[in-house]
Ligand SMILES: [Zn+2]
């Protein structure tokens, strides 16, 4: 891993401010309340006092996306709510995205991409100075380039890890992890619809996620029941 947590956070904070300026925050009180409730329950289960949690609902029904920036800034686009359907579905997405951030998967992707493009020395300079190329790669690595349509999926290993941690987080937060299956099934069906959900391009369904989640459920359920 060539991107340090501090560098990752600095880029994350920059991205956070840009997104807040660029996107329209939802004024829907019911939906905002739901996001705060679910978000904080998952955040408390994550036990990361070093994260500075914040949950923002973006008003954009055309974009089905959600992500967590390094350091705990979570964005959910209203377009994904038709797939999450309820609190537990939302907990599935937030648990999964927070898991990616906790495991620093974006930094892994960013390291690989910048390394391939620039080599190590130039890469360190690009990150330190927050150059345009570093910011572009950051957006790409963290799934922020949703509207641009040039996203690289996470690796299967990263997805499996995020599913695993995410299921445990949602279970610890009091949400039935079995409901995760429904969300992923609804999302994969959305693929055939006229507009493909952005979330799908960072979350490939070309392998058997559902089967793997079923295998992870007994462990996650222990946290839910106890
Ligand atoms: Zn993922």
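Read the figures in this text as sums done on the coordinates, not as results from a lab. Bear in mind the structure is a predicted one, so any value in this text is a computation, not a measurement. Methodologically, a virtual Cβ is constructed for each residue, glycine included, from the backbone with ideal geometry; neighbour enumeration extends over all protein chains shown.
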- Item | Residue with peak Gaussian network fluctuation, the chain [Cα springs, cutoff 10 Å], from 102, 34, 123 | 34
- Item | Sequence-separation-based contact order of the chain, relative, with Cα cut under 8 Å and 6+ spacing, percent | 21
- Report the residue, chosen from 75, 67, 51, that carries the largest GNM mean-square fluctuation when the chain is represented by alpha-carbon nodes joined by springs under 10 Å. 51
- Note on the structure: Over the chain, the sum of -39500 (n - 2.57) across DSSP H runs of at least four, divided by residue number and rounded to 500 deg cm²/dmol, gives at 222 nm -19500 deg cm²/dmol
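By DSSP, what percent of the beta bridges with both residues in the range 1-141 are antiparallel, rounded to the nearest 5?
45
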- Task: Mind computing the radius of gyration and Dmax over the alpha-carbon atoms of the range 74-142? Å is fine for both.
- Result: 15.5, 47
- Item | Whole-number D in µm²/s for the chain (Stokes-Einstein; Kirkwood sum over Cα pairs; 37 °C, 0.692 mPa s) | 187
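Order these by the 10 Å Cβ neighbour count, fewest first: 37, 78, 202.
Arranged by neighbour count, lowest to highest, 37, 78, 202 become 37, 78, 202.
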- Task: Using the number of other C-beta atoms within 10 angstrom as an exposure proxy, rank 184, 40 with the fewest first.
- Result: 40, 184
- Query: Taking the Cβ-Cβ separation of residue 221 and residue 28 as r and a Förster radius of 22 Å, what is the calculated FRET efficiency to the nearest 0.05?
  - Reply: 0.10
- Task: Averaged over every viewing direction, what's the projected area of the C-alpha convex hull for the range 1-103? Give it in nm², one decimal, please.
- Result: 6.4
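Test of understanding: what is the full-extension gain from residue 103 to residue 52, defined as 0.36 nm times their sequence separation minus their Cα-Cα distance?
On the way: separation 51, 0.36 × 51 = 18.36 nm, distance 1.60 nm.
Fully extending the segment from residue 103 to residue 52 adds 16.8 nm.
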